[in-house]
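Single-structure report; data block below.
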Amino acid sequence: MSGQTLYDKLWNAHVVHVEDDGTTLLYIDRHLVHEVTSPQAFEGLRMAGRQPWRIAANLAVADHNVPTTNRSEGIADPVSHLQVETLDKNCDYFGITEFKMNDVRQGIVHVIGPEQGATLPGMTVVCGDSHTSTHGAFAALAHGIGTSEVEHVLATQCLLQKKSKAMLITVEGELGAGVTAKDIVLAIIGKIGTAGGNGYAIEFGGSAIRALSMEGRMTVCNMAIEAGARAGMVAVDDKTIDYVKGRPFAPQGADWEKAVAYWKTLVSDADAQFDCVVELDAAQIKPQVTWGTSPEMVTTVDGRVPDPAAESDAVKRSGMERALHYMGLQANTPITEIAIDKVFIGSCTNSRIEDLRAAAAVAKGKRVASNVKLAMVVPGSGLVKLQAEREGLDKVFLDAGFEWREPGCSMCLAMNADKLEPGERCASTSNRNFEGRQGPGGRTHLVSPAMAAAAAIAGHFVDVRTVAQSPLKAA
Amino acid sequence: MEKFIQLHGLVAPLDRANVDTDAIIPKQFLKSIKRTGFGPNAFDEWRYLDHGEPGMDNSLRPLNPDFVLNQPRYQGAQVLLARENFGCGSSREHAPWALEDYGFRAIIAPSFADIFFNNCFKNGLLPIVLDAAIVDQLFKEAEKTEGYRLTVDLEAQTVTTPSGQSFGFQVDEFRKFCLLNGLDDIGLTLRHVDKIKAYEARRKVEAPWMFAQ
């Protein structure tokens, strides 16, 4: 018999019951809750007279609707206000721990889970948000769920699941200077497509993944969903354990030793079999820029907008034509000739301290180009913001003409006041370039934080590998 | 949840791949704390010429005549015909809520995004995967023939065209059972309370740190 994959191990450790057709009742260790996908679930719980199964498994935060400007006035939009207030009331009513809007620990749900140590290796982690795949960076089985499932997890601490197939994506070798985790994952999506991971749980491995920091691994796992896979994951190593150590929700004392011993087993066995293996060469990956309305519509910064006429598949061709029309782009335009109107550095993909450092190193001592109407930096959490301020990154950004905001999802999905106007073009470190994602008619190009900062300074996309960077003062 | 047994429904073809859940129900409507009323805003940005916001009277808004679902021949459609990777992106269950509220009961596509696929079953909406070549044939027939209807039989797991051609589809036994009977997952899961408690008791010994307060 062949060995087990990491996914097998995580799955097997959480099986409560299996139906005849393989549908499995899977135990959930950590349930993260935010304001958008939970109100109907709490309402359902109340209507059925049910209580949350295990209160301590839940951790809540408002992130999608919160303003990123001065919060002393509360939330101006009455509909957003009601949604956040509803989360507060539901958490108070059921006794669920919540980081409220003015708590320094508030932030994007996928940033604060790991930051607090609420995400631990070996856990099953779910949240009513597709980017829950982020937490897989800790060798957790983590994925997004719908609101009915949020209610199901609240009521039963379990989820009904069919096991996915297992895919291994290896990235071997060394990344070039200026090439980041974001470029790796965009290159992967460019290779396998947005449906490439449908039906799979993806494990990311190889020397280039192991060389990434935990922040970088989170960026890669975050966008597993953009490749169609609900769950992405990376095996445990010393970096994982070092990151978790000492965090508020992390185990301590004897429990810590016991946990670490278990966590070290959370790697795929050498003889484990995967249903599909994809290989990438790190040295070949260049800075990536999306040109269309799906994350798979991506090319390298030294490339050109593709020509639909060269596409033989009719459905794909019409999709490309639609995308170019929406994006206001001509086929064959060099990527570096595309001028931008706004820059967004933030989101659960790229708003952690390392992301902000990478952007600041590019922006330091320079000015945002005059054609860029707004360049904003939105830290992933209040604690990331504090850390960045301790390192003087806020000064670097402000001096360069960026805005320095309060934490939240912000212009990744534009549920709050931060959005693109119709026709505006944005260099964004977020995860989705769908039509209207950052505001109706808005045009999104997905890039890494360093590429976004470089675009802000140049006013158009530019190869960050050719841009001089300034060392930041160590904290 | 409403039962799904059999459906003989008008078909509307949405000829685009990778239709994402942001397109199915744009973010501004996710601010609602209700589960109902999303139908008038399904495909809002494609369907109307103006920008939609919660609280607007949608019956007064200008419709986009180029959007396929606005064509008179597709009014009252219950079967949505779609392309590859339908429902990708955000996990928002507001997407199946909007489609169901609009009037759809079944969606046929060559592939679906996993989370959306799962969410459909929780809402009496049946996602059906058929081979791309069959979906292509159905697109051609639906576009050619006004009033084109398909019969979906969940018990038999078949989709049947007006000419009597029948295509089988796969569905998990458990999901089929739930849909046929309109059963609520939570009630079903709570039959296993003893097993959940036994699992927790075992895990508290093996991995006590998972249960910290």
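The values are calculated or read from the model by the stated rules, or taken from the named source; none is laboratory data. Here the structure is a predicted model, which is why all the values come from computation and not from measurement. No Cβ is skipped: glycine too gets one built from the backbone with ideal geometry, and neighbour counts run over all protein chains shown.
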Task: Number of the exception - residue B:80 against (1) within 12 Å of chain A (Cβ to nearest Cβ); (2) under 30 Å from residue A:296 (Cα atoms) - done: (1)
Open item on the list: I'm trying to understand the selection: among the residues of the stretch A:399-447, which are within 13 Å of residue A:376 (Cα to Cα) and among the β-branched types (Val, Ile, Thr)?
Closed with: A:429
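Residue by residue through the stretch A:331-352, note down the ones that are under 25 Å from the mean Cα position of the chain (by Cα) and either under 18 Å from residue A:401 (Cα atoms) or outside any loop (DSSP other than H, G, I, E, B) (or both).
Scanning the stretch A:331-352 gives A:335, A:340, A:341, A:342, A:343, A:344, A:345, A:346.
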- [ ] Could you look through the stretch B:36-62, keep only residues that are in contact (Cβ under 8 Å) with a residue 60 or more places away in the chain and surrounded by 19 or more Cβ atoms within 10 Å (Cβ to Cβ), and pick out the one that is farthest from the other protein chains (Cβ to nearest Cβ)?
- [x] B:42
Task: Matching residues, the stretch A:123-146, being facing another protein chain (nearest Cβ under 7 Å) and either more than 20 Å from the chain's Cα centre (by Cα) or small (Gly, Ala, Ser) (or both) - done: A:128, A:130, A:144, A:146
- [ ] Collect the residues in the stretch A:102-132 that are farther than 21 Å from residue A:414 by Cα and part of a helix (DSSP H, G or I), keeping them in residue-number order.
- [x] A:113, A:114, A:115, A:116
Task: Members of the stretch A:159-193 that are surrounded by fewer than 24 Cβ atoms within 10 Å (Cβ to Cβ) and under 16 Å from the mean Cα position of the chain (by Cα) - done: A:187
Open item on the list: Condition check: within 11 Å of chain B (Cβ to nearest Cβ), touching a Lys or Arg at 6+ places or on another chain (Cβ under 7 Å), more than 30 Å from residue B:1 (Cα to Cα) and not hydrophobic (A, V, I, L, M, F, W, C). Does residue A:22 satisfy that?
Closed with: no
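Listed here are the residues, each with its yes/no results for (1) in contact (Cβ under 8 Å) with a residue 24 or more places away in the chain; (2) under 27 Å from residue A:163 (Cβ atoms).
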{"position": "B:104", "(1), (2)": "yes, no"}
{"position": "B:113", "(1), (2)": "yes, yes"}
{"position": "B:122", "(1), (2)": "yes, yes"}
{"position": "B:126", "(1), (2)": "yes, yes"}
{"position": "B:146", "(1), (2)": "yes, no"}
{"position": "B:174", "(1), (2)": "no, yes"}
Open item on the list: Return the pair list, or none, for Cβ contacts closer than 6 Å from residues in the stretch B:194-211 that are under 15 Å from residue A:54 (Cβ atoms) and at the interface with chain A (Cβ under 7 Å from one of its Cβ atoms) to residues that are part of a helix (DSSP H, G or I) and among the aliphatic types (A, V, I, L, M), at least 6 apart or on different chains.
Closed with: B:209/A:259
- [ ] Please indicate, with yes or no, whether at least one residue in the stretch A:420-441 is free of Cβ contacts under 8 Å to residues at least 12 places away in the same chain, hydrophobic (A, V, I, L, M, F, W, C) and not in a helix (DSSP H, G or I).
- [x] no
Open item on the list: Being under 19 Å from the mean Cα position of the chain (by Cα), outside any helix (DSSP H, G or I) and crowded, with 24+ Cβ neighbours inside 10 Å: is that true of residue A:415 here?
Closed with: yes
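Which members of the stretch A:66-101 meet the condition of being β-branched (Val, Ile, Thr), assigned to a loop (DSSP other than H, G, I, E, B) and surrounded by 16 or more Cβ atoms within 10 Å (Cβ to Cβ)?
Residues satisfying the conditions are A:66, A:68, A:75, A:96.
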TODO: Kindly establish whether residue A:106 is within 13 Å of chain B (Cβ to nearest Cβ), over 14 Å from the mean Cα position of the chain (by Cα) and either at pLDDT 95 or above or surrounded by fewer than 23 Cβ atoms within 10 Å (Cβ to Cβ) (or both).
DONE: no
- [ ] Looking only at the stretch A:27-55, count how many residues are within 10 Å of chain B (Cβ to nearest Cβ) and touching a residue at least 24 places away in the same chain (Cβ under 8 Å).
- [x] 18
Task: Residue list for the stretch B:1-20, filter: of a type outside the set (D, E, K, R) and not in a strand (DSSP E or B) - done: B:1, B:4, B:5, B:14, B:17, B:18, B:19
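So which residues in the stretch A:194-218 are in a loop (DSSP other than H, G, I, E, B) and more than 20 Å from the chain's Cα centre (by Cα)?
Passing the criteria: only A:206.
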TODO: Scan the stretch A:390-399 residue by residue and report those that are more than 14 Å from residue A:357 (Cβ to Cβ) and buried (at least 18 other Cβ atoms within 10 Å of the Cβ).
DONE: none
TODO: State the number of residues belonging to the stretch A:219-246 that are among the β-branched types (Val, Ile, Thr) and either more than 17 Å from the chain's Cα centre (by Cα) or surrounded by fewer than 23 Cβ atoms within 10 Å (Cβ to Cβ) (or both).
DONE: 4
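On the basis of being surrounded by 15 or more Cβ atoms within 10 Å (Cβ to Cβ) and away from chain B (no Cβ under 12 Å), does residue A:114 make the cut? Before the answer, list the steps.
Values: surrounded by 15 or more Cβ atoms within 10 Å (Cβ to Cβ): yes; away from chain B (no Cβ under 12 Å): yes.
So residue A:114 fits the description; yes.
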Open item on the list: Looking only at the stretch A:147-156, count every residue that is in contact (Cβ under 8 Å) with a residue 24 or more places away in the chain, crowded, with 24+ Cβ neighbours inside 10 Å and facing chain B (nearest Cβ under 8 Å) and tell me the total.
Closed with: 4
